[in-house]
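The values are calculated or read from the model by the stated rules, or taken from the named source; none is laboratory data. All values derive from a computational prediction rather than experimental measurement. Positions of Cβ are backbone-derived with ideal geometry, glycine not excepted, and every protein chain shown enters the neighbour counts. Each accessible area value is taken on the protein alone, full model and side chains, heavy atoms only, with ligands, DNA and RNA left out. Shrake-Rupley method; radii C 1.70, N 1.55, O 1.52, S 1.80 Å.
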Amino acid sequence: MDKRVGYAVAWVICAVVAIAIGIAAVTTVGASVRGRGPLGDGDIERPQQADLVASPRPGAERVATTVSREFGELDVECRGAVAYATDARPDTAAGWEVVSFEPGPDDDVDAVFSNRGRSIEFEVYCNRGQPELADYETNTLPGDDD
């Protein structure tokens, strides 16, 4: 019985020592490479995601349409798979205004129109060169009874 206890204690001590060595090694190596970026050739300039801009293929056909709803109008144009929103005209007589407007160029364009406690958000993309409504969402702010 004494041998079993001795083996168990030796095993626990070895396991603790092995874990401590592993942690020390990872900490030391991690500190030496921390902040150096991805491994590989550091001389390659990689564009940032924010720097990427969609651009149509040369000679892509332009197809324009106007999305008209209760909020007003949004003029959208497709040049191949690239979408542009060229103008947003809210129905100001009915109290609508443009809150957000993404003109593109991008794979889709969107706009948000609001009227007091109500908003309409929609997105248009180019489906085989034709403008198509991708998302249309109406929202009402709680507690606004106007």
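State all residues of segment 108-146 that are open to solvent by less than 70 Å² (accessible area, probe 1.4 Å), charged (D, E, K, R) and in a loop (DSSP other than H, G, I, E, B); if no residue qualifies, say none.
D144
Any residue at all in segment 19-40 that's under 30 Å from N127 (Cβ atoms), open to solvent by less than 100 Å² (accessible area, probe 1.4 Å), at pLDDT below 90 and assigned to a helix (DSSP H, G or I)? Walk me through how you get there before you give the answer.
Looking only at segment 19-40, we keep the residues that are under 30 Å from N127 (Cβ atoms), and these are none.
There is no residue in segment 19-40 that is under 30 Å from N127 (Cβ atoms), open to solvent by less than 100 Å² (accessible area, probe 1.4 Å), at pLDDT below 90 and assigned to a helix (DSSP H, G or I).
Quick one: in segment 76-86, which of the residues that are touching a Phe, Trp or Tyr at 6+ places or on another chain (Cβ under 9 Å) and of a type outside the set (V, I, T) is most open to solvent (accessible area, probe 1.4 Å)? First the steps, then the outcome.
Applying the first criterion (touching a Phe, Trp or Tyr at 6+ places or on another chain (Cβ under 9 Å)) to segment 76-86 yields 76-78, 81, 83, 85.
Adding the requirement that they be of a type outside the set (V, I, T) leaves 77-78, 81, 83, 85.
Working: E77: 27, C78: 0, A81: 73, A83: 0, A85: 8 Å².
Applying the filter and picking the extreme gives A81.
Just one of R89, R57 is more than 23 Å from the chain's Cα centre (by Cα), at pLDDT below 90 and not β-branched (V, I, T); which is it?
Values: R89 fails: at pLDDT below 90.
Among R89, R57, only R57 is more than 23 Å from the chain's Cα centre (by Cα), at pLDDT below 90 and not β-branched (V, I, T).
For a quick check of your reading: which strands (runs of 3 or more DSSP E) sit entirely within segment 65-107 and have at least 3 residues that are of a type in the set (S, T, N, Q)?
Working: elements: 72-79, 82-90, 97-102.
Of the strands (runs of 3 or more DSSP E) lying wholly inside segment 65-107, none has at least 3 residues that are of a type in the set (S, T, N, Q).
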